[in-house]
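Notes follow once the structure below has been shown.
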Amino acid sequence: MTQVTRLQELLYEVKIGEVMTRKVIHVTPQTPMAEIRKLLREHRISGIPVVQEGKLEGIISIEDLINTLAESAMAATVGERMTRNPVTLREDEPVVVAINHFATHGYGRYLVVDGKGHMVGIVTRGDIIEGLLKKLEVEYHEEEIRRYRVSHIFEDVVSDRTSIILRYDIVARDFKHAGEASSNIKQVLTRLGAPLEVVRRAAIATYEAEMNIIIHTTEGGEIEAEIQAGRLILRAMDRGPGIPDIAKAMEPGFSTAAEWIRELGFGAGMGLSNIKRCANEMKLESPDQKRTCLEATFYLDGKKQESPPRAESGERPPDPSN
Amino acid sequence: MKLQQIISIVEGQVLVDARVDREISCAAASDLMSDVLAFAEPYSILLTGLCNPQVVRTAEMADIAAVLFVHGKIPEAETIALAQKMGIPLVVAKAPMFEVCGRLHQAGLKSCDVSCRLARL
């Protein structure tokens, strides 16, 4: 199994109907054979579909014409000399079906019909290549435009302090949705083009903060991510019960979590020290010992790193010798 | 080491299939997600006996490339669904944690560097 490329996906996504040529010269079964010679020569083609009231009846080819000439039967109509039941493709089939046909049969073109057997177009190898290239070009442009828009938002919007604020309500004990806020924040940061290494540190810290609210609070709280030009300020605020001894809470390994929380894989007393490790700056307050406010700042340009442990590992490709 | 190699070394069964030709940098083995968040490196594989969706969330946040469940533990349906959504491959091995770690270490897969983390605390 190898990685599926976008082009391979397109072979299944793009339908034959999207890439085929719609205008097709055709004749009826009543057309005299004498006219076929003229049509083939004028249009420099090797076959013409035969259509009766929209429905594909057959195909008349150079070979049929030669045989008719050899038998001196040029007075006949197309209906008497045509090849019936030609191989056709359906417009709603993916282009990969057409490619398989081109590979197995030697034909250079296939007639395309709809679900009722009505002829709707013709498809060649060239049509498929052109159609796929156009699709890729459109997607490439869309991605370019989207990247431009997000990465330039701070330059394009004029204000003294521009920021994007994302707020998420976190419900206490809601393990089912745990991590959704962090996941969303991570995606936005990636979209905005922040360095992967910073995005990773911010995501880990946000996730720890989100889990803390879910595990330790009685009333739940809020996660707020404020993205400014060059920095992200993460705020995690809850409505109690607060932290009596902040210094103690910061110690790695210190935990007040119940056993059932540990069974979920959390509450090991690493959360706050982990947030501190990931952030460029961190402030933790518990005013009145009733609520808790955590503020962590991340420098998005990745330059002003004071103590970013393992920071360099974020963008390092895996060592193949491992 | 390629994920495909790891799967064959541990005789793993693929639960969520995604790009098995990807390169794995190192391994982290733990049931404590807080620990994993603290020391797992990007592009690593997580070996765990924990089966809830938070395992996949942890992998997502820490840029972990794949998750391997030990002891034949099949994760919850929600875990599998989330992994599919995030494109994170999930593998299950019958052998217990110690055996899985032993086999992979012997085959040359390195540990995510804990000492490095401790030195910086």
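I'm trying to understand the selection: among the residues of the range B:9-23, which are surrounded by fewer than 19 Cβ atoms within 10 Å (Cβ to Cβ), modelled with pLDDT of 90 or more and under 23 Å from B:Lys85 (Cα atoms)?
Result: B:Gln13, B:Val14, B:Leu15.
Identify the single condition in (1) touching a residue at least 24 places away in the same chain (Cβ under 8 Å); (2) of a type outside the set (Ser, Thr, Tyr); (3) touching a Lys or Arg at 6+ places or on another chain (Cβ under 8 Å); (4) within 8 Å of chain A (Cβ to nearest Cβ) that B:Asp21 does not satisfy, given that it satisfies every other one.
Looking at each condition in turn, B:Asp21 falls short on (1).
Are any residues in the range A:78-95 in contact with a strand residue (DSSP E or B) (Cβ under 6 Å, 6 or more places away or on another chain), surrounded by 14 or more Cβ atoms within 10 Å (Cβ to Cβ) and either β-branched (Val, Ile, Thr) or over 20 Å from A:Gly108 (Cα atoms) (or both), and if so, which ones?
Residues satisfying the conditions are A:Val78, A:Thr88.
Regarding the range A:127-137, can at least one residue be identified that is surrounded by fewer than 15 Cβ atoms within 10 Å (Cβ to Cβ) and within 14 Å of chain B (Cβ to nearest Cβ)?
no
Does A:Gln30 count as loosely packed, with under 11 Cβ neighbours inside 10 Å and either touching a residue at least 60 places away in the same chain (Cβ under 8 Å) or in contact with a helix residue (DSSP H, G or I) (Cβ under 9 Å, 6 or more places away or on another chain) (or both)?
When the stated conditions are applied, A:Gln30 passes them.
Could you list, in sequence order, all residues of the range A:271-281 that are crowded, with 23+ Cβ neighbours inside 10 Å and either of a type in the set (Phe, Trp, Tyr) or assigned to a loop (DSSP other than H, G, I, E, B) (or both)?
Within the range A:271-281, just A:Ala279 meets the criteria.
Working only within the range B:1-23, note down all residues that are under 30 Å from A:Ala268 (Cα atoms) and in a loop (DSSP other than H, G, I, E, B).
Scanning the range B:1-23 gives B:Val10, B:Gly12.
So is A:Gly314 modelled with pLDDT under 85 and either surrounded by 15 or more Cβ atoms within 10 Å (Cβ to Cβ) or within 11 Å of another protein chain (Cβ to nearest Cβ) (or both) or not?
Against the criterion (modelled with pLDDT under 85 and either surrounded by 15 or more Cβ atoms within 10 Å (Cβ to Cβ) or within 11 Å of another protein chain (Cβ to nearest Cβ) (or both)), A:Gly314 qualifies.
Whether any residue in the range A:58-65 is open to solvent by 20 Å² or more (accessible area, probe 1.4 Å) and in contact with a Pro (Cβ under 6 Å, 6 or more places away or on another chain) is what I want to check.
yes
Go through the range A:98-117 and report how many residues are open to solvent by 30 Å² or more (accessible area, probe 1.4 Å) and at pLDDT below 90.
Of the residues in that region, 12 qualify.
Which ranges mark the helices (runs of 4 or more DSSP H) fully within the range A:156-270 that have 2 or more residues being within 14 Å of chain B (Cβ to nearest Cβ), open to solvent by 20 Å² or more (accessible area, probe 1.4 Å) and basic (Lys, Arg)? Talk me through it step by step, then tell me what you get.
Numbers: elements: A:180-191, A:196-216, A:246-250, A:259-263.
Answer list for the range A:156-270: none.
What about B:Ile6, is it more than 9 Å from every other protein chain (Cβ to nearest Cβ) and either open to solvent by less than 10 Å² (accessible area, probe 1.4 Å) or among the small types (Gly, Ala, Ser) (or both)?
Answer is yes for this residue.
Within the range A:74-111, how many residues are among the hydrophobic types (A, V, I, L, M, F, W, C) and over 21 Å from A:Ile62 (Cβ atoms)? First the steps, then the outcome.
Applying the first criterion (among the hydrophobic types (A, V, I, L, M, F, W, C)) to the range A:74-111 yields A:74-76, A:78, A:82, A:87, A:89, A:95-99, A:102-103, A:111.
Subset that is over 21 Å from A:Ile62 (Cβ atoms): A:89, A:95-99, A:103.
Total meeting the criteria: 7.
The values are calculated or read from the model by the stated rules, or taken from the named source; none is laboratory data. Predicted model, so just to flag it, every value in this text is computed and none were measured. Note: ideal-geometry Cβ built from the backbone for every residue, glycine included; neighbour counts use all protein chains shown. Accessible surface areas use protein heavy atoms only, side chains included; no ligands, DNA or RNA. Shrake-Rupley method; radii C 1.70, N 1.55, O 1.52, S 1.80 Å.
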